[in-house]
Amino acid sequence: MGDHTPIEWVRALAEKRNAIPATWNPIDGCSRATAGCRLCYAAQLVHVRLSKSIPGRYAGLTELDAQNVPRFNGVVRLAEHVLDAPKKARRPRVYFVCDMADLFHPNVPWDWLDRIFATMAATPQHTYLLLTKRPDVLMAYAGLAVQCGEHWLAGQAVAQAVRWPLPNVWIGTTVTDQKDAAANIPLLLSTPAVMRFISAEPLLGPVDLTAIQRPFDDCLIQYDALDGRWHEVDGFSAGYGMERINWVIAGGESGGSDRPAHPDWFRSLRDQCTAVGVPFLFKQWGEFREFDTGGPDVETVEADDQFSIPVGYHPCELGAIKPHFVTPDGRCFQHFHDIPEGTPARLMERAGKKAAGRVLDGRTWDQVPEVA
Ligand code: SF4
């Protein structure tokens, strides 16, 4: 557990709420859930450092995959000694719960979840952000909690009966591409909550939040997850008022990634959000940033209708910026000769996470939801 976390979206929300940005990790351990887990920062940190410096807590949670990349092995543990820590924190915090694991990993027993939610229920001065790659488990747990009514946390040390959803708990899910969006967003929006958010990081493909499909009664509907409008696919019914996403966070992959995000994927998410007033936060470019010629006197031109390349550069002279070319559908090429003819591609520079920064089109995007 740590106060003053550097995680940008936690900091931005904490600043808005005049609270301390913090992390709280009552669960240790995880396993990969999606393609976005490949370079899991937590698995690398645990494998390389924490399993040696704090073996009692972290040893035995990771292994190396076939490419020698550390990954969690599915072992999960309850960190008993931090369970009550938020109760001792008097000043309000915004807690990112489990930034080193997934609270809703299928190996986490639900009585552990009850104990963790009991702490959140007992500390209404704090705001808790739950981000999961397993919204199906979140929805199943929430469904049971709703069914239990005021008996949900009976037997836990909670002063008075509480019901799901807790007013100080925000729920979110990770969306790396449209497939993730189609699978995860309906589950997130079907789970009762006071606030819902998505983390589009690492963004690995374009995402259209305005065209999510899900079954509804006996038909298939398509809806806009940002403004709640819907219409029946192959039918005439339409309406509005569906549950919506309240906050969108986006970022590229870091940690030695070779999967640059196409810059227009971020722009599209930003534009979808700003069109309907949903807060958008651009967390980071990641390992790569859009190539910037660095001066107003340098223009870009279209070369063979394939990609933009700065005037004065020959493609073969771009080695210094370790170029990658990314297509709108997410294919990535290290050499421009490999780009299929007629395929548009964007030139990306491997700058490293710090240098790549988080400026998109000349400004930072740190919007967070307005809440009382
Ligand atoms: S779900 Fe999160 S913590 Fe678990 S492996 Fe994936 S990225 Fe890592």
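Tell me whether the stretch 78-96 contains one or more residues that are open to solvent by less than 40 Å² (accessible area, probe 1.4 Å) and within 13 Å of the ligand (Cβ to nearest atom). The answer is yes, given that some residue of the stretch 78-96 is open to solvent by less than 40 Å² (accessible area, probe 1.4 Å) and within 13 Å of the ligand (Cβ to nearest atom).
Cβ-Cβ contacts under 7 Å between residues 6 or more apart (or on different chains), taken from a first residue in the stretch 97-108 that is under 16 Å from residue 7 (Cα atoms) to a second residue that is within 8 Å of the ligand (Cβ to nearest atom), are listed as 100/42; 101/30; 101/42. Within the stretch 230-250, restricting attention to residues that are among the aromatic types (Phe, Trp, Tyr) and assigned to a loop (DSSP other than H, G, I, E, B), the residue that is farthest from residue 187 (Cα to Cα) is 236. Here residue 14 passes the criteria (1) within 27 Å of residue 169 (Cα to Cα); (2) away from the ligand (no atom under 16 Å from the Cβ); (3) surrounded by fewer than 19 Cβ atoms within 10 Å (Cβ to Cβ) except the one numbered (3). Of the residues making up the stretch 121-141, those that are in contact with a Ser or Thr (Cβ under 6 Å, 6 or more places away or on another chain) and part of a helix (DSSP H, G or I) are 135, 138, 139. Against the numbered list (1) more than 18 Å from residue 199 (Cα to Cα); (2) open to solvent by less than 20 Å² (accessible area, probe 1.4 Å), residue 9 comes up short only at (1).
Residue check: is residue 52 away from the ligand (no atom under 16 Å from the Cβ), under 23 Å from residue 110 (Cα atoms), modelled with pLDDT of 95 or more and of a type in the set (Lys, Arg)? Considered against the rule, which asks whether it is away from the ligand (no atom under 16 Å from the Cβ), under 23 Å from residue 110 (Cα atoms), modelled with pLDDT of 95 or more and of a type in the set (Lys, Arg), residue 52 comes out as no.
Just to be sure I understand, how many residues within the stretch 251-302 are assigned to a loop (DSSP other than H, G, I, E, B) and at pLDDT below 90? Break it down into steps so the answer makes sense when it comes.
Of all residues in the stretch 251-302, those assigned to a loop (DSSP other than H, G, I, E, B) come to 252-262, 277-279, 285-287, 291-299.
If we keep only those that are at pLDDT below 90 too, we end up with 255-258, 291-299.
Count: 13.
Among the conditions (1) touching a helix residue (DSSP H, G or I) at 6+ places or on another chain (Cβ under 6 Å); (2) surrounded by fewer than 17 Cβ atoms within 10 Å (Cβ to Cβ); (3) within 27 Å of residue 259 (Cβ to Cβ), the only one that residue 68 does not satisfy is (1). Within the stretch 356-370, the set of residues being open to solvent by 60 Å² or more (accessible area, probe 1.4 Å) and hydrophobic (A, V, I, L, M, F, W, C) comprises just one member, 359. Tell me which of these residue 259 doesn't satisfy, since it passes every other one: (1) basic (Lys, Arg); (2) more than 14 Å from the chain's Cα centre (by Cα); (3) more than 16 Å from the ligand (Cβ to nearest atom); (4) buried (at least 16 other Cβ atoms within 10 Å of the Cβ). Residue 259 satisfies all of (1) basic (Lys, Arg); (2) more than 14 Å from the chain's Cα centre (by Cα); (3) more than 16 Å from the ligand (Cβ to nearest atom); (4) buried (at least 16 other Cβ atoms within 10 Å of the Cβ) except (3). Elements of the type strands (runs of 3 or more DSSP E) sitting completely within the stretch 169-227 and holding at least 1 residues that are open to solvent by 20 Å² or more (accessible area, probe 1.4 Å): these cover 195-200, 212-216, 219-223. Among the residues of the stretch 32-63, those identified as among the aliphatic types (A, V, I, L, M), open to solvent by 50 Å² or more (accessible area, probe 1.4 Å) and within 24 Å of the chain's Cα centre (by Cα) are 35, 48.
How many residues are among the hydrophobic types (A, V, I, L, M, F, W, C) and within 10 Å of the ligand (Cβ to nearest atom) when one looks only at the stretch 17-34? So the count comes out to 3.
For the condition aliphatic (A, V, I, L, M), surrounded by fewer than 15 Cβ atoms within 10 Å (Cβ to Cβ) and not in a strand (DSSP E or B), what is the one hit in 146, 158, 162? Quick ask: steps written out before the conclusion?
Numbers: 158 fails: surrounded by fewer than 15 Cβ atoms within 10 Å (Cβ to Cβ); 162 fails: surrounded by fewer than 15 Cβ atoms within 10 Å (Cβ to Cβ).
That would be 146, the only listed residue that is aliphatic (A, V, I, L, M), surrounded by fewer than 15 Cβ atoms within 10 Å (Cβ to Cβ) and not in a strand (DSSP E or B).
The values are calculated or read from the model by the stated rules, or taken from the named source; none is laboratory data. Quick caveat, the model's predicted, so the values are computed rather than measured. FYI the Cβ positions are ideal-geometry reconstructions off the backbone, even for glycines, and counts take in every protein chain you see. For the accessible areas, the whole protein counts, side chains as well, though only heavy atoms, and no ligand, DNA or RNA atoms are used. Shrake-Rupley method; radii C 1.70, N 1.55, O 1.52, S 1.80 Å.
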